[in-house]
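**Q** Shown below is the structure under consideration.
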Amino acid sequence: MSTSRRDFLATSAAAVAAAALPTDAQASRLEGAPALIGLGESGLRARPCVVASANGLRGVEVAYNQISAGADTLDAIIAGVNIQELDPEDTSVGLGGLPNRDGVVQLDASCMHGPTKRAGAVGCLEDIATPSLVAKAVMDYTDHVMLVGQDARRFAIEMGFQTQNLLTEKTRQEWLRWRARLNPNDSFLDYDGNVDIKFTTGTINMNAVNAAGDLSSVTTTSGMAWKVPGRLGDSPIVGAGQYCDNTVGAAGSTGRGEANIKTCASYQIVEFMRGGLAPRDAALRTLERVVAMTERRLLDDRGRPKFDLQFYVVHKDGRYAGASLYEGAGFAVCDERGPRVEHCAFLYRRTERPR
Ligand code: GLY
C-alpha cells in the first residue's frame, strides 16, 4: 500500500469515527452497497470485505490486506483479532482482559471456517492470551468442536502455546476497586472514592469474505467483568457468538452474551439472510427477537432492554452491516475503500446509557 493511500485511510477512518450520530434514515443507508462485481472463473465473485466490532479497526485492515494477498479468510481474521488479544490496553479480551469475581482472567473464543464447514471453540481458558488460536487448534487438530476449563488449558500447552499471567496491573487495580465496593460490611476497605466501576461485556468479533465468496468468522473475549467463575458467555458458542455458512454469510456479536445465547443470534442472522433479508435487516430482525426473549427484570419501564448487544454481519456477496440495540455504536469495516468505523443501525434511540 502506498504512503498516500495509508494517509487517506487513516484520515477517513478518523473522520468517520468523529462524525455525528446518524438519524434512523441515515443509519439505514450505512449498510454496505450491493457488492456483486462481475463473474470470475468460479462464477459469482464477491467484493472482499472484513467487518468487526469497533475495537477491530486495526485488525480489519490487517485481515483485509492478508486476504488481498491470498491468505485464507480464517487465518486472516484470527491475525486481526490477535492484535486485540495481545494488547494489554484492551480490557475486553486476551491479555489485560477484566477478570472474574476471583480475580482470574477466563477467556472464551470460537471460530468457523466456511469452505471446510469446520468449527472450533474454547471456554474458560486461563493463562493463554490468544484463545482464538486455541479455538482454531481445536478445530484443526481434534475431532471435537469445544474444549473448556483446565483441560482446554492443558490442550493448549500440549499444542505449544505459552502460559502467562493475563492480569495486568491496570486490571488488577480495577478488580480490587470492584471488590472493595462490593459489600459495605466486608473486611475490604473502600480505599478509592468515586471510581468508575466498569461492568463490561466487551469482545472482538470479526467476519470476512474473499473474492471467491469464501467466508470465516471468529469471536474472542474475556467475557463479562467480575463474572461468576466458570461462566461461559456467547463467544465460545457456535451459532451464538459467531456463525458462518459458506453458502450464505457470517455474523457475530458483542454485548450481553446471556441475551445472545437464548436467541442463537448469529445463526438466526445467517438464516434470515438465507431467507433473503439484507444483512442490516437480518440483524435488526434478530435484535427484535432478543427483545422479545428478554426477561422482565432486564427491561425498563418502556419495555426496552437495560443492556446493549451488537451484531456484525457480512453476506457472501460482500454486503455488510453492523446493528445494535441502542444508537451510538460503531463497527469496523475494511474493503477496497480502506479501514473505517461506520455507525451501526439500531432499534432504539438512547435516552440513557444502559449499564
Ligand atoms: N459477549 C461476550 C460475553 O457476554 O461474554
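**Q** Quick check on region 160-169. Is at least one of its residues under 21 Å from I78 (Cβ atoms) and touching a helix residue (DSSP H, G or I) at 6+ places or on another chain (Cβ under 8 Å)?
**A** Step one: of region 160-169, the residues under 21 Å from I78 (Cβ atoms) are 160-164, 166.
Going one step further and asking which of them are touching a helix residue (DSSP H, G or I) at 6+ places or on another chain (Cβ under 8 Å), we end up with 161, 163.
Yes, region 160-169 has at least one match.
**Q** For A211, only one of the following conditions fails: (1) in a loop (DSSP other than H, G, I, E, B); (2) in contact with a Gly (Cβ under 6 Å, 6 or more places away or on another chain); (3) modelled with pLDDT of 95 or more; (4) not aromatic (F, W, Y). What is its number?
**A** Looking at each condition in turn, A211 falls short on (2).
**Q** Can you tell me which residues in region 219-237 are more than 6 Å from the ligand (Cβ to nearest atom) and part of a strand (DSSP E or B)?
**A** First pass over region 219-237, keeping only residues more than 6 Å from the ligand (Cβ to nearest atom): 219-220, 222, 225-232, 236-237.
Answer for region 219-237, where residues must be more than 6 Å from the ligand (Cβ to nearest atom) and part of a strand (DSSP E or B): T219, T220.
Yes/no per residue for (1) free of Cβ contacts under 8 Å to residues at least 40 places away in the same chain; (2) open to solvent by 20 Å² or more (accessible area, probe 1.4 Å); (3) within 16 Å of the ligand (Cβ to nearest atom):
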position	(1), (2), (3)
G97	no, no, yes
R101	no, yes, yes
Q106	no, no, yes
P115	no, yes, no
G120	yes, no, no
E126	no, yes, yes
P131	no, no, yes
V134	yes, no, no
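**Q** Check whether at least one residue in region 249-263 is of a type in the set (D, E) and in contact with a strand residue (DSSP E or B) (Cβ under 7 Å, 6 or more places away or on another chain), and report yes or no. So that I can check it myself, show each step before the final result.
**A** Of all residues in region 249-263, those of a type in the set (D, E) come to 258.
With in contact with a strand residue (DSSP E or B) (Cβ under 7 Å, 6 or more places away or on another chain) added as a condition, the list becomes none.
No: zero hits.
**Q** Can you tell me which residue among A240, A180, A156 is at pLDDT 95 or above and away from the ligand (no atom under 15 Å from the Cβ)? Lay out the reasoning, then the answer.
**A** Details: A240 fails: away from the ligand (no atom under 15 Å from the Cβ); A180 fails: at pLDDT 95 or above.
From the options A240, A180, A156, the qualifying one is A156.
**Q** Can you pull out every residue in region 205-218 that is away from the ligand (no atom under 16 Å from the Cβ), of a type outside the set (A, V, I, L, M, F, W, C) and closer than 18 Å to S132 by Cβ?
**A** From region 205-218, those away from the ligand (no atom under 16 Å from the Cβ) are 208-216; that's our starting set.
Still in the list and also of a type outside the set (A, V, I, L, M, F, W, C): 210, 213-214, 216.
Residue satisfying the conditions is S216 alone.
**Q** Test G275 against the stated conditions and say whether it is of a type outside the set (F, W, Y), at pLDDT 95 or above and either within 14 Å of the ligand (Cβ to nearest atom) or in contact with an Asp or Glu (Cβ under 8 Å, 6 or more places away or on another chain) (or both). Working first, answer last.
**A** Details: of a type outside the set (F, W, Y): yes; at pLDDT 95 or above: yes; either within 14 Å of the ligand (Cβ to nearest atom) or in contact with an Asp or Glu (Cβ under 8 Å, 6 or more places away or on another chain) (or both): no.
Spelling it out, it is not the case that G275 is of a type outside the set (F, W, Y), at pLDDT 95 or above and either within 14 Å of the ligand (Cβ to nearest atom) or in contact with an Asp or Glu (Cβ under 8 Å, 6 or more places away or on another chain) (or both).
**Q** For region 143-163, indicate whether the set of residues that are in contact with a strand residue (DSSP E or B) (Cβ under 7 Å, 6 or more places away or on another chain), part of a loop (DSSP other than H, G, I, E, B) and of a type in the set (V, I, T) is non-empty.
**A** yes
**Q** If K227 satisfies all but one of (1) touching a strand residue (DSSP E or B) at 6+ places or on another chain (Cβ under 6 Å); (2) surrounded by fewer than 24 Cβ atoms within 10 Å (Cβ to Cβ), what's the number of the condition it fails?
**A** So the condition that K227 fails would be (1).
**Q** Which residues, counting only those in region 108-162, are within 21 Å of the chain's Cα centre (by Cα) and of a type in the set (S, T, Y)?
**A** Hits for region 108-162 are S110, T130, S132.
**Q** Kindly list the number of the only condition in (1) more than 23 Å from A135 (Cα to Cα); (2) at pLDDT below 95; (3) within 14 Å of the ligand (Cβ to nearest atom); (4) of a type outside the set (D, E) that fails for T201.
**A** Exception for T201: condition (1).
**Q** Sticking with this one: Going by what's in this entry, would A250 be described as of a type in the set (G, A, S), within 9 Å of the ligand (Cβ to nearest atom), more than 18 Å from Q106 (Cα to Cα) and out of contact with any His (no Cβ under 8 Å at 6 or more places or on another chain)? Show your work before the answer.
**A** Values: of a type in the set (G, A, S): yes; within 9 Å of the ligand (Cβ to nearest atom): no; more than 18 Å from Q106 (Cα to Cα): yes; out of contact with any His (no Cβ under 8 Å at 6 or more places or on another chain): yes.
Spelling it out, it is not the case that A250 is of a type in the set (G, A, S), within 9 Å of the ligand (Cβ to nearest atom), more than 18 Å from Q106 (Cα to Cα) and out of contact with any His (no Cβ under 8 Å at 6 or more places or on another chain).
**Q** State whether the residues of region 83-93 include one that is small (G, A, S), modelled with pLDDT of 95 or more and either open to solvent by 10 Å² or more (accessible area, probe 1.4 Å) or in contact with a helix residue (DSSP H, G or I) (Cβ under 8 Å, 6 or more places away or on another chain) (or both).
**A** Our first condition is that a residue be small (G, A, S); within region 83-93, this holds for 92.
From what's left, modelled with pLDDT of 95 or more: none.
The answer is no, given that none of the residues of region 83-93 is small (G, A, S), modelled with pLDDT of 95 or more and either open to solvent by 10 Å² or more (accessible area, probe 1.4 Å) or in contact with a helix residue (DSSP H, G or I) (Cβ under 8 Å, 6 or more places away or on another chain) (or both).
The values are calculated or read from the model by the stated rules, or taken from the named source; none is laboratory data. All of these numbers come straight from a predicted model, not from anything done at the bench. In this analysis, Cβ positions are derived from the backbone assuming ideal geometry, glycine residues included, and neighbour counts consider all displayed protein chains. Only protein heavy atoms, including side chains, enter the accessible area calculation; ligands, DNA and RNA are left aside. Shrake-Rupley method; radii C 1.70, N 1.55, O 1.52, S 1.80 Å.
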